[in-house]
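Reviewing the structure listed below.
The values are calculated or read from the model by the stated rules, or taken from the named source; none is laboratory data. This structure is a prediction, so every number in the text was calculated from the model and none was measured. Quick reminder, even Gly has a Cβ in these numbers, built from the backbone with ideal geometry, and neighbours come from all protein chains shown. Heads up: the accessible areas ignore ligands, DNA and RNA and are worked out on the full protein's heavy atoms, side chains in. Shrake-Rupley method; radii C 1.70, N 1.55, O 1.52, S 1.80 Å.
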Amino acid sequence: MKKSILGLALGFSFLLVGCKKTPQLSEAGIIPIPQEITNGSGAFELTSASGIMLVGKSENLTRIGEFLAESLRKPTGFDLPVSFDSGEIVLELTGSESSEAYELEITETGVKITSSGEAGLFYGIQSFLQLFPAEVTKAGVQSVSWKVPAGKIKDQPTFAYRGSMLDVARHFISVEDVKFFIDQMATYKLNYLHLHLTDDQGWRIEIKSWPKLTEIGGSTEVGGTEGGFYTQEEYKELVAYAAERFITVVPEVDIPGHTNSALASYAELNPGVNLPDGDLTTVNKQDLDYEMPMKNPQASELYTGTEVGWSTFSSRLELTYAFVDSVVREISELTPGPYFHIGGDESHVTEKDDYVYFVERVQDIVSKYGKTSIGWDEIATAKLLPGNVAQFWAKEDNAKLAKDQGNLVLMSPATKAYLDMQYDSTTRLGLHWAAYIELDSAYLWEPSEFADGIAAENILGVEAPLWTETITNREDINYMVFPRLPALAEVSWTAKSNRNWESFSKRVAIHGKRWDNQGIGFYRSPKVNW
Ligand code: TNX
């Protein structure tokens with residue numbers, strides 16, 4: 001008798017484990033949390049008979065439908081045909097705008113995602129995918145019941161620019177690893193990938209008119225290991241891969257400081273000295289006559305350390321601008337997006353006047369090639385062209401200078417948004433010059449209240465940069481990025497009134513299972529009940 005009761009109890013609990021209850025839509029764990037969620041009753045179940053129906057006119061509609069189908073075919077093993085004829089999952093494009101807003105409606109009999117823009121449709125798909133059981137992210141066909149909770153979502157982003165940056169200069173990051181990162185960005189509805197392509201330690205993008213940049217300047221990286229670079233074909237491949245996920249690449253060439261890799265590649269970019277009598281060993285900067293033909297310019301040594309602020313281009317050397325012109329032209333030709341990032345940070349050895357002169361001339365070059373300049377906040381000490389953007393990372397005064405000139409600010413405060421900052425004093429990777437950034441700290445801030453005098457209308461958006469002095473591969477990236485990138489994505493997508501740490505910490509735990517399924521070794525923050 002006792003035995004059979006025990007057997008019954010055991011059987012019952014197995015049954016409970018076997019058929020996990022579908023949560024309510026509002027509890028399903030979407031990140032970033034949508035602006036409006038209404039729970040429905042019951043659930044929609046995807047089966048081998050399910051299909052995707054497209055409604056609307058756009059060349060890209062089939063591709064967007066296929067993106068959803070492919071994401072679901074892999075774990076379910078279902079056919080999921082995509083057509084304009086039938087299917088209970090409807091993707092409806094109602095306009096031809098660039099709208100990122102969408103609606104998602106789920107009933108027991110069907111699913112409908114509607115937007116007036118392709119990007120909005122894509123974001124509706126991302127929310128929908130997050131509603132499936134965590135096995136949806138596992139490799140190989142999984143046997144679970146593919147239910148999503150019924151209800152309605154109405155959603156749209158708060159900020160237009162929601163980005164992340166990879167520093168591929170300090171350590172080179174392979175095309176495959178950048179693509180993996182792009183996939184993760186897409187999940188969290190981020191739409192700008194800033195690639196920090198050049199720095200003292202490496203030049204990572206092929207420039208056909210200046211080939212030694214990658215031959216020499218791309219050959220090493222921090223620590224002295226072998227470097228690497230993207231050919232123009234590879235860069236285009238990244239741009240296209242990102243674009244398919246509604247992510248725009250922002251290329252950065254960091255100038256006039258952080259330029260040792262270029263100065264090591266081409267001697268003539270270095271200030272030569274006109275030695276009056278041939279054997280002066282030290283020359284004051286004031287004595288240099290930049291307009292004169294140079295004698296004895298020396299290429300610098302390749303650098304594999306991590307100091308900053310010690311290199312600079314020669315601001316009064318005409319060749320500098322011929323060089324910048326070629327680089328901006330070649331990269332702009334490969335970049336359909338509107339922005340070109342000119343760096344401009346930590347030029348500690350550039351004279352103030354030279355710096356301002358340089359930034360102003362470079363903005364003109366960028367604008368000549370049809371792009372809008374973004375630069376680190378220091379560029380606001382120069383006169384900014386209308387529309388150009390200052391990326392705030394350290395100095396509120398610089399952000400204010402940008403605002404006072406009528407320019408927008410991109411918010412990347414190092415104490416909140418820097419993904420290379422350690423979580424705490426025991427973190428094995430990363431730096432801590434700005435702060436230790438635990439998950440709750442990365443989550444609990446509001447861009448429009450962070451810097452004195454910088455309000456929502458002065459802000460283009462939010463970007464989370466990952467500097468790679470200590471980061472060498474995908475595993476390291478994953479550890480620093482998860483779970484903070486989703487926190488920052490929610491800060492940039494969801495209005496402050498809808499954000500809540502308790503709710504986020506519960507939702508992020510659900511995502512932890514998805515990361516485990518993808519082999520993402522994330523930081524198990526003690527602030528979360530994983
Ligand atoms: C400051 S942030 C830098 C980078 C470093 C980073 C490390 C900025 C514009 N410059 O050169 O990699 O700190 O956290």
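Values for this structure:
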item: Residue that is farthest from the ligand (Cβ to nearest atom), among those in the range 441-453 that are within 15 Å of Ala464 (Cβ to Cβ) and of a type in the set (Ser, Thr, Tyr); result: Tyr443
item: Subset of the range 422-441 (residues that are open to solvent by 20 Å² or more (accessible area, probe 1.4 Å) and either in contact (Cβ under 8 Å) with a residue 60 or more places away in the chain or among the charged types (D, E, K, R) (or both)); result: Asp424, Arg428, Glu438, Asp440
item: The range 343-359 residues that are under 15 Å from Ala390 (Cα atoms), paired with ones that are more than 16 Å from the ligand (Cβ to nearest atom) and open to solvent by 20 Å² or more (accessible area, probe 1.4 Å) (beta carbon under 9 Å, 6 or more apart); result: Val356/Lys383; Val359/Lys383
item: Residues of the range 301-335 classified as more than 16 Å from the ligand (Cβ to nearest atom), part of a loop (DSSP other than H, G, I, E, B), surrounded by fewer than 18 Cβ atoms within 10 Å (Cβ to Cβ) and not acidic (Asp, Glu), total; result: 1
item: Unmet criterion (only one of (1) open to solvent by less than 10 Å² (accessible area, probe 1.4 Å); (2) closer than 25 Å to Ile247 by Cβ) for Val362; result: (2)
item: The range 245-274 residues that are on the phi > 0 side of the Ramachandran plot and more than 16 Å from the ligand (Cβ to nearest atom), paired with ones that are modelled with pLDDT of 95 or more and among the hydrophobic types (A, V, I, L, M, F, W, C) (beta carbon under 9 Å, 6 or more apart); result: Phe246/Ala119; Phe246/Phe122; Phe246/Ala186
item: Whichever residue in the range 409-440 is under 19 Å from the mean Cα position of the chain (by Cα) and either among the polar types (S, T, N, Q) or away from the ligand (no atom under 15 Å from the Cβ) (or both) and, among such residues, is nearest to Glu360 (Cα to Cα); result: Ser412
item: Close pairs (6 angstrom Cβ cut-off, 6 or more residues apart or separate chains): among the acidic types (Asp, Glu) in the range 203-224, in a helix (DSSP H, G or I) anywhere; result: Glu206/Thr214; Glu206/Gln232
item: Test: residue in the range 466-478 that is open to solvent by less than 10 Å² (accessible area, probe 1.4 Å) and more than 21 Å from Asp177 (Cβ to Cβ); result: no
item: Enumerated strands (runs of 3 or more DSSP E) restricted to the range 79-187, each holding at least 3 residues that are touching a Pro at 6+ places or on another chain (Cβ under 8 Å) and outside the structural domain of Trp393 (by TED's automatic domain parsing); result: 146-155
item: Residues of the range 336-352 that turn out to be surrounded by 20 or more Cβ atoms within 10 Å (Cβ to Cβ) and not in a loop (DSSP other than H, G, I, E, B), as a count; result: 5
item: Scan of the range 159-180 for residues that are under 29 Å from Lys496 (Cβ atoms), touching a helix residue (DSSP H, G or I) at 6+ places or on another chain (Cβ under 9 Å) and surrounded by fewer than 23 Cβ atoms within 10 Å (Cβ to Cβ), ordered by number; result: Phe159
item: Residue, nearest to the chain's Cα centre (by Cα), within the range 186-222, restricted to residues that are more than 30 Å from Ser127 (Cα to Cα), hydrophobic (A, V, I, L, M, F, W, C) and open to solvent by less than 10 Å² (accessible area, probe 1.4 Å); result: Leu197
item: Among the candidates Ile459, Ile471, Ile379, residue that is within 12 Å of the ligand (Cβ to nearest atom), of a type in the set (Val, Ile, Thr) and touching a Ser or Thr at 6+ places or on another chain (Cβ under 8 Å); result: Ile379
